[in-house]
Amino acid sequence: MSNIGVVSSCSCIHPLVHLLRPSIQKTGLHTAARLAAKDYYEVLVLGGGTGGITMSARMKRKVGAENVAVVEPSETHYYQPIWTLVGAGAKKLATSARPTARVVPSGVEWIKSRVQELNPDKSCVYLENDKKISYKYLIIALGISLHYEKIKGLPEGFNHPKIGSNYSVHTVEKTWRALQDFKEGNAIFTFPNTPVKCAGAPQKIMYLTEAYLRKTGKRSTANIIFNTALGGIFGVQKYAEALLEIIKARDINVNYKRNLIEVRADRREAVFENLDKPGETEVYKYDMLHVTPPMGPPAVLLNSPVSDAAGWVDVDKETLQHKKYHNVFGIGDCTNLPTSKTAAAIAAQSGVLDKTISFVMKNKFPTKKYDGYTSCPLVTGYNRVILAEFDYNAQPLETFPIDQSKERLTMYYMKADMMPFLYWYGLLKGYWGGPGPIRKLLHLGLK
């Protein structure tokens with residue numbers, strides 16, 4: 001199977017900290033760029049994506065680096081939220097990458113392996129080569145898997161021009177090439193019939209494409225189409241209304257309940273199923289196609305004792321503690337938390353989970369509650385963003401005392417420049433738990 005299909009998982013620290021790290025890291029060798037030297041850890045973290053690295057940093061301060069390990073097979077860690085701008089030519093792919101050895105907290109054991117099985121009844125996991133690791137506390141942060149292969153004709157179709165996807169490191173630059181190569185005809189953007197990470201991203205690239213075609217004088221020859229499996233443009237009414245105004249003003253065509261099932265890349269044809277009329281299909285010609293792939297839980301979580309029937313880690317939606325195994329916790333895209341799967345959500349979750357684990361370690365009942373906060377900076381152009389922030393109830397939970405449903409230049413620069421900095425030097429260091437305190441301050445303590 002192509003490695004295109006699976007991706008492990010949208011207030012700064014002083015620069016001197018980097019100089020204090022062990023010199024071995026300067027050679028690219030972390031304290032554990034090898035299989036674990038130990039077979040037991042007080043805290044074991046599965047996954048070296050956003051949630052895993054963030055919680056590793058927080059647990060290091062709680063129990064000591066030597067008592068924490070993170071399991072992650074990938075050599076490179078990516079800041080994936082910036083890929084929207086990479087696909088539109090506004091950022092370089094290289095700016096999104098750091099060696100895993102640099103983001104794993106110093107002193108924390110990096111176990112460069114894959115998880116093969118979880119056995120929460122015996123508080124252990126099995127890695128490749130049947131290596132067994134036991135733990136006192138387990139944090140599951142395995143992210144979400146991409147399934148391009150569930151669309152007939154993919155991923156091999158990406159070998160053809162005119163097609164890209166901002167969801168994979170292997171295909172995001174193909175989006176930019178397809179945008180530059182556009183001549184005339186249909187530019188089609190898709191949204192699958194599954195949960196996805198960063199649910200706003202499939203339409204962000206659409207708005208950027210429209211802006212680029214206007215800027216390059218090609219807009220009059222383009223028919224921009226958003227074919228989404230959903231029944232609405234966005235799940236929060238306030239932002240949906242703002243987006244629909246933009247869609248109308250920019251003459252974008254939206255077709256609901258349309259799910260991409262096949263790509264005939266050699267003929268530049270995309271086949272969609274009409275979900276309101278099962279079995280009925282529609283074939284579209286395209287001169288540019290952006291694919292958002294079907295997604296699902298990592299394979300190791302399917303039919304696992306820690307997962308619900310759909311394969312997502314089954315956690316309490318307020319404390320992030322597992323509903324059955326009280327020494328097991330989940331964070332981020334791999335969980336069944338009923339909120340959008342974003343880096344912003346992980347930031348808010350990390351602060352709550354930190355408190356939850358502290359209470360559990362003291363044999364106390366967790367009291368800190370996660371309200372479902374998530375954020376989606378809806379990029380609507382090369383210098384405009386609508387900053388959507390909301391909670392479990394799909395109600396706006398905005399940080400700034402202004403109308404965030406308006407397109408703003410300031411929010412674009414926050415998305416393009418401030419958030420990446422905050423990610424690398426705040427969130428991954430375990431110091432950023434979301435904008436809750438800032439929101440409270442700016443709103444004078446009011447909800």
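The values are calculated or read from the model by the stated rules, or taken from the named source; none is laboratory data. Quick caveat, the model's predicted, so the values are computed rather than measured. A quick note on method: Cβ atoms are made from the backbone with ideal geometry, for glycine too, and the neighbour counts reach across all protein chains shown. All accessible areas refer to the heavy atoms of the entire protein, side chains included, with ligands and DNA or RNA removed. Shrake-Rupley method; radii C 1.70, N 1.55, O 1.52, S 1.80 Å.
A few notes on this one:
- Taken together, the residues in region 420-432 that are surrounded by fewer than 21 Cβ atoms within 10 Å (Cβ to Cβ) and touching a strand residue (DSSP E or B) at 6+ places or on another chain (Cβ under 9 Å) amount to 1.
- Taking region 292-317 as the range and being of a type in the set (A, V, I, L, M) and either closer than 19 Å to Gly143 by Cβ or in contact with a helix residue (DSSP H, G or I) (Cβ under 7 Å, 6 or more places away or on another chain) (or both) as the test, the residues that pass are Met295, Ala299, Val300, Leu301, Leu302, Val306, Ala310, Val313, Val315.
- Selection count, region 200-222, where residues are in a loop (DSSP other than H, G, I, E, B), surrounded by fewer than 21 Cβ atoms within 10 Å (Cβ to Cβ) and not hydroxyl-bearing (Ser, Thr, Tyr): 2
- Check on Lys38, modelled with pLDDT of 95 or more and open to solvent by 30 Å² or more (accessible area, probe 1.4 Å): no
- Failed criterion for Gly332 (all others in (1) touching a Phe, Trp or Tyr at 6+ places or on another chain (Cβ under 9 Å); (2) small (Gly, Ala, Ser); (3) within 23 Å of Met419 (Cα to Cα) hold): (1)
- For region 367-402, a residue qualifies if it is part of a loop (DSSP other than H, G, I, E, B) and more than 18 Å from Gly332 (Cβ to Cβ), and the qualifying residues are Thr367, Tyr382, Asn383, Asn393, Ala394, Gln395, Leu397, Glu398, Thr399, Phe400, Pro401, Ile402.
- Restricting attention to region 403-422 and to residues that are of a type outside the set (Asp, Glu) and in a loop (DSSP other than H, G, I, E, B), the residue that is farthest from the chain's Cα centre (by Cα) turns out to be Lys406.
- Scanning region 239-254 for residues that are under 25 Å from the mean Cα position of the chain (by Cα) and within 20 Å of Ser165 (Cα to Cα) returns a single hit, Val254.
- Index of the failed condition, Phe359 passing every other in (1) part of a helix (DSSP H, G or I); (2) over 25 Å from Ser123 (Cα atoms); (3) over 16 Å from the mean Cα position of the chain (by Cα): (2)
- Filter pass, Ala229 being aliphatic (A, V, I, L, M) and either under 20 Å from Thr339 (Cα atoms) or crowded, with 17+ Cβ neighbours inside 10 Å (or both): yes
- On inspection, Arg258 fails the criterion of being within 20 Å of Gly87 (Cα to Cα) and over 22 Å from the mean Cα position of the chain (by Cα).
- The C-beta contact set for region 360-386 (first residue among the acidic types (Asp, Glu), second residue outside any helix (DSSP H, G or I), distance under 6 angstrom, 6+ apart or interchain) comprises Asp371/Asp391.
- Checked against the criterion of being assigned to a strand (DSSP E or B) and closer than 29 Å to Gly372 by Cβ, region 265-288 contains not a single residue that satisfies it.
- Of the residues making up region 306-340, just one is under 14 Å from the mean Cα position of the chain (by Cα) and open to solvent by 30 Å² or more (accessible area, probe 1.4 Å), namely Ser340.
Here is a yes/no grid of residues against (1) touching a Phe, Trp or Tyr at 6+ places or on another chain (Cβ under 7 Å); (2) among the small types (Gly, Ala, Ser):
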| site | (1), (2) |
| --- | --- |
| Thr84 | no, no |
| Leu93 | no, no |
| Pro99 | no, no |
| Trp110 | no, no |
| Asp121 | no, no |
| Ile139 | yes, no |
| Glu149 | no, no |
| Gly153 | no, yes |
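- Residues of region 171-195 that are part of a loop (DSSP other than H, G, I, E, B) and open to solvent by 50 Å² or more (accessible area, probe 1.4 Å): Lys183, Glu184, Asn193, Pro195.
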